[in-house]
Amino acid sequence: MRFLSILIITLLFFSCDSTSPEKKIDFADNPVVAHRGAWKTKNLPQNSIASLKEAINLKCTGSEFDVRITKDNVLIVTHDKEYNNLIIEETNYKKLAKTRLFNGEKLPTLKEYLLAGMQNNVATGLVLEIKPRATKEKNNIIVDKILALVDELKAENYIHSYISFSLDILKRIAEKKPTAKTQYLDGSKSPESLKELGITGLDYIIYKLKNKEQFIKEAKKIGITLNAWTANSIDNIDWLLANKFDYITTNEPELVFQRIKKSPIKKGYSLVWSDEFNYKGKPDKTKWGYDYGFIANEEEQYYTDSLKNARVEGGKLIIETHKETIINKDYGNPEFLKKSWKKYAAERKTAKYTAARLTTKNLASWKYGRFEIKAKLPEGVGLWPAVWMLGENKTEVGWPEAGEIDIMEHVGFNNDTIFGTVHTKAYNHNKKTEQGRSIFIDNPYDDFQVFALEWTPEKMDFILNDTIYNTFKNEHKTTAEWPFDQPFYLILNVAVGGMLGGQKGIDDSVFPQQMVVEYVRIYQKEKE
């Protein structure tokens with residue numbers, strides 16, 4: 001009996017030894033950080049232990065939560081300065097805890113929250129946000145208490161990162177615990193300045209990152225981790241995935257997991273060029289140029305660079321057609337008339353419509369890749385919007401020898417259809433051998449749709465909202481059939497009338513009309 005008693009005491013001693021090693025946790029290999037836990041889908045309270053457990057159940061790489069301190073110096077998990085109309089820093093915890101969360105859970109202390117995060121958890125790190133206080137001294141107090149509690153509970157290996165809007169708080173953490181991962185939330189500092197302060201990451205609101213895309217390249221170059229909040233829409237989630245952010249903080253973790261599966265990054269692509277249109281005024285001149293005047297196809301519009309016809313506003317590119325009379329400045333120009341394919345255009349003295357045709361010619365071109373454009377189309381008989389590409393050698397060899405890739409075309413007299421087409425010397429509409437197919441499109445004028453092309457050395461897939469509707473394969477014959485092993489540049493335009501768009505006339509009552517573009521993203525693989 002004496003031996004058994006000694007054995008039990010010994011086991012109890014070692015089980016309670018404060019110097020026993022901390023449990024290791026390998027954070028999940030995904031970028032998903034559940035914002036205040038995974039609460040939305042199952043209607044759980046934010047910053048609750050229940051929402052934390054749901055984030056763990058989903059195997060998010062992190063679960064974020066907010067920490068404040070009460071009047072009697074109890075660390076609690078809650079977001080706002082007030083709880084149940086009581087100012088937290090002016091109220092004792094016992095009084096605050098009288099009001100439970102709407103699922104019946106008690107307002108959690110940080111200690112309870114950390115212990116819950118350590119239980120049955122092998123993948124989800126705790127992203128601990130420290131809410132700033134009124135003074136630097138008070139910030140130091142809350143930091144020191146948090147770090148002491150983390151040490152007491154041996155929870156450090158479960159802490160994914162410490163985040164805050166306060167530089168003082170993050171600098172204090174770096175000073176007290178140099179190996180800790182920290183992320184700054186305010187969005188006002190460059191990655192270089194964060195590194196100088198000893199802060200290891202940034203976690204900025206999405207629009208600030210879109211307005212300062214140079215921060216993304218700089219952060220990757222110097223090893224500052226990238227996070228963004230709060231990504232809840234498909235567009236923002238896809239943009240962050242495309243830019244290979246380390247972390248994505250979201251109220252919609254399930255949606256982020258879904259988008260990861262569909263992301264071009266999953267297929268080995270990397271984003272090489274994009275325009276998210278996060279500015280105002282004329283399209284970015286480093287990315288877009290203009291075609292002018294009458295161009296081809298017996299179209300009725302005159303292309304201009306007027307803001308009325310092409311502008312960026314509200315985070316969108318707008319290409320707008322108008323019914324208005326304009327004088328053809330090239331009318332009667334002998335040099336212009338020498339260009340036989342433009343003779344029809346040069347002989348026209350006036351136009352009744354204006355529009356815009358944007359191009360990346362002489363600015364950017366690509367051989368192979370995924371080309372993705374999210375847009376809403378203009379409505380009306382006689383309109384002919386298009387997203388398409390021409391071979392870079394067109395000036396030398398002409399059309400159709402250079403090749404043409406029509407990623408998306410639509411005509412107003414066929415309002416529920418788009419088509420994707422390839423033109424080459426062997427396959428083109430003059431010979432009625434063009435290689436094209438159409439697909440039904442639902443609400444092209446009210447809803448944004450994703451038009452995409454995936455182009456490899458072996459084939460082209462034309463895609464509408466993840467559905468492949470046309471595939472053109474490389475027959476490995478000559479450039480007459482496949483002139484697509486060279487760079488192509490991109491064109492966005494809205495035509496009026498013409499050989500295709502004007503087949504059933506033009507409805508003058510519909511003007512003005514807009515093609516509205518949410519984004520243009522171009523991906524490539526390293527080996528292509």
Notebook entry, point to check: Which ones in segment 189-229 are modelled with pLDDT under 95 and either among the aliphatic types (A, V, I, L, M) or in a loop (DSSP other than H, G, I, E, B) (or both)?
Noted result: Lys212, Glu213
Check: What residue, of Val411, Val450, is of a type outside the set (Phe, Trp, Tyr), in contact (Cβ under 8 Å) with a residue 24 or more places away in the chain, in a loop (DSSP other than H, G, I, E, B) and surrounded by fewer than 23 Cβ atoms within 10 Å (Cβ to Cβ)?
Finding: Val411
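In the list Val520, Val510, which residue meets the criterion of being open to solvent by 20 Å² or more (accessible area, probe 1.4 Å), at pLDDT 95 or above and β-branched (Val, Ile, Thr)?
Selected residue: Val510, the only one of Val520, Val510 that is open to solvent by 20 Å² or more (accessible area, probe 1.4 Å), at pLDDT 95 or above and β-branched (Val, Ile, Thr).
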Item checked: Residues satisfying the stated conditions in segment 239-255, i.e. crowded, with 16+ Cβ neighbours inside 10 Å and not in a helix (DSSP H, G or I) -> Asn243, Phe245, Asp246, Tyr247, Ile248, Thr249, Thr250, Asn251, Glu252
Notebook entry, point to check: What are the residues in segment 485-528 that are of a type in the set (Asp, Glu) and under 25 Å from Arg370 (Cα atoms), if any?
Noted result: Asp485, Glu518, Glu526, Glu528
Note to self: Restricting to segment 316-367, name every residue that is small (Gly, Ala, Ser), modelled with pLDDT of 65 or more and in contact with an Asp or Glu (Cβ under 6 Å, 6 or more places away or on another chain).
What the structure shows: Ser365
Notebook entry, point to check: Are any of the residues in segment 417-425 modelled with pLDDT of 95 or more, in a loop (DSSP other than H, G, I, E, B), surrounded by 15 or more Cβ atoms within 10 Å (Cβ to Cβ) and of a type outside the set (A, V, I, L, M, F, W, C)?
Noted result: yes
Item checked: Only listed residue being open to solvent by 20 Å² or more (accessible area, probe 1.4 Å) and more than 17 Å from the chain's Cα centre (by Cα), chosen from Thr286, Thr230 -> Thr286
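Picking from Asn232, Asn236, which residue would you name as being within 23 Å of Val450 (Cβ to Cβ), of a type outside the set (Asp, Glu) and in a helix (DSSP H, G or I)?
Asn236 is the lone residue from the list that is within 23 Å of Val450 (Cβ to Cβ), of a type outside the set (Asp, Glu) and in a helix (DSSP H, G or I).
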Notebook entry, point to check: When segment 1-57 is examined, which residues are found to be modelled with pLDDT of 95 or more, over 22 Å from Leu101 (Cα atoms) and in contact with a helix residue (DSSP H, G or I) (Cβ under 6 Å, 6 or more places away or on another chain)?
Noted result: Val32
Check: Could you count how many residues in segment 349-376 are part of a loop (DSSP other than H, G, I, E, B), hydroxyl-bearing (Ser, Thr, Tyr) and more than 21 Å from Ile318 (Cβ to Cβ)?
Finding: 2
Checklist line | Pairs, first free of Cβ contacts under 8 Å to residues at least 12 places away in the same chain in segment 266-279, second assigned to a helix (DSSP H, G or I) and crowded, with 18+ Cβ neighbours inside 10 Å, C-beta under 7 Å, six or more apart | finding: none
Margin query: Just checking, does segment 189-201 include any residue being acidic (Asp, Glu) and closer than 27 Å to Ile248 by Cβ?
Written below: yes
Checklist line | Close pairs from segment 193-221: first surrounded by fewer than 19 Cβ atoms within 10 Å (Cβ to Cβ), partner at pLDDT 95 or above and part of a strand (DSSP E or B), Cβ under 7 Å, at least 6 apart | finding: Ile205/Trp229
Check: Just for segment 301-315: of the residues that are among the hydroxyl-bearing types (Ser, Thr, Tyr) and outside any strand (DSSP E or B), which one is farthest from Gly505 (Cα to Cα)?
Finding: Ser306
Checklist line | Top-ranked residue of segment 471-490 - restricted to ones that are buried (at least 20 other Cβ atoms within 10 Å of the Cβ) and assigned to a strand (DSSP E or B), ranked as farthest from the chain's Cα centre (by Cα) | finding: Phe472
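The values are calculated or read from the model by the stated rules, or taken from the named source; none is laboratory data. Being a predicted model, the structure only gives us computed values, none of them experimental. Cβ: placed from backbone, ideal geometry, glycine included. Neighbour counts: every protein chain shown. Protein only, heavy atoms only, side chains kept; ligands, DNA and RNA dropped before computing areas. Shrake-Rupley method; radii C 1.70, N 1.55, O 1.52, S 1.80 Å.
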